[in-house]
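The values are calculated or read from the model by the stated rules, or taken from the named source; none is laboratory data. Just so it is clear, the model here is predicted, and its values are computed rather than measured. Cβ atoms come from the backbone with ideal geometry, glycine included; neighbour counts cover every protein chain shown.
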Amino acid sequence: MNSPSQQQIEITNNQSSIEIDSQTLLNIAQQVLSLQNMPNAEISVVIVDNETIHNVNNEFLQHDFPTDVITFPMCELSEVSQLQPLEGEIVISAEMAQEIAQTVGWQTMDEIALYLIHGLLHLCGFDDLNEPDQLAMRQQEHAMLIATNMTPQPNDPRWQNLN
C-alpha cells in the first residue's frame with residue numbers, strides 16, 4: 001500500500017536583522033509544491049545573513065561572494081515518487097533580499113518568498129544556467145507569485161520580456 005502524500009517543510013530563521021513570517025513562507029512552499037505536482041516532499045528552508053550564505057557559497061560552490069539563494073537537492077528528481085519524497089534544502093539570505101527589495105520597490109518578505117519559490121523550482125527540475133532556461137525559470141517564478149497571491153512589481157526588470 002502506498003503511503004499518503006505529504007509535505008514536510010521546515011522553516012528555520014538563523015538571522016536577526018529581518019523579521020520573518022514563517023507561516024507565510026510555509027503556505028507559499030506548500031502551494032508551489034502542489035502546483036508543481038510534488039505533493040510528497042521533505043524540504044528544509046534556512047534563512048541566514050549575508051556572511052553565512054557567503055560561507056556556504058564558498059564552501060559548497062567555490063563562489064567567494066554572498067548570493068540570494070542556494071538550493072541543495074537531496075535526491076534525484078527521477079527518483080521522486082509516492083514512496084520517495086522530493087528532498088532538498090534551501091538557504092536564503094535575508095540581507096540580500098532586503099537590499100534587492102529596496103531597489104525593486106517591494107517588501108523584504110516578498111523578495112524572500114521569491115527566493116523560496118526560485119529554490120523550490122530548482123528542486124522541481126527548473127534550471128537557469130543558460131538564457132532559454134533562465135527565461136523558463138522567470139516565467140515559472142512569475143506564475144507562482146501570481147498563484148500565491150503576490151503581485152510582482154511591474155517596474156522590476158526581472159519580469160520584463162517574459163513573452
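Just to be sure, is residue 22 under 17 Å from residue 98 (Cα atoms) and under 16 Å from the mean Cα position of the chain (by Cα)? Judged against the criteria, residue 22 is a match. Select from the range 141-155 the residues that are surrounded by 11 or more Cβ atoms within 10 Å (Cβ to Cβ) and of a type in the set (S, T, N, Q) and write down the one among them that is nearest to residue 101 (Cα to Cα). Among those residues, the one meeting the criterion is 153. Contact annotation: residue pairs with Cβ atoms under 6 Å, 6 or more positions apart or on different chains, pairing a residue in the range 93-114 that is without any contact (Cβ under 8 Å) to a residue 12 or more places away in the chain and closer than 24 Å to residue 30 by Cα with a partner that is among the β-branched types (Val, Ile, Thr) and in a helix (DSSP H, G or I), are 101/108.
Checking the structure you have, find out if any residue of the range 46-68 is in contact (Cβ under 8 Å) with a residue 12 or more places away in the chain, within 20 Å of residue 143 (Cβ to Cβ) and of a type in the set (Asp, Glu). Yes: one or more hits. Filtering 158, 138 for residues that are over 15 Å from the mean Cα position of the chain (by Cα), within 21 Å of residue 31 (Cβ to Cβ), surrounded by 14 or more Cβ atoms within 10 Å (Cβ to Cβ) and not aromatic (Phe, Trp, Tyr) leaves a single hit, 158. Could you list all residues from the range 148-163 that are at pLDDT below 85 and closer than 10 Å to residue 110 by Cβ? Result: 153, single match.
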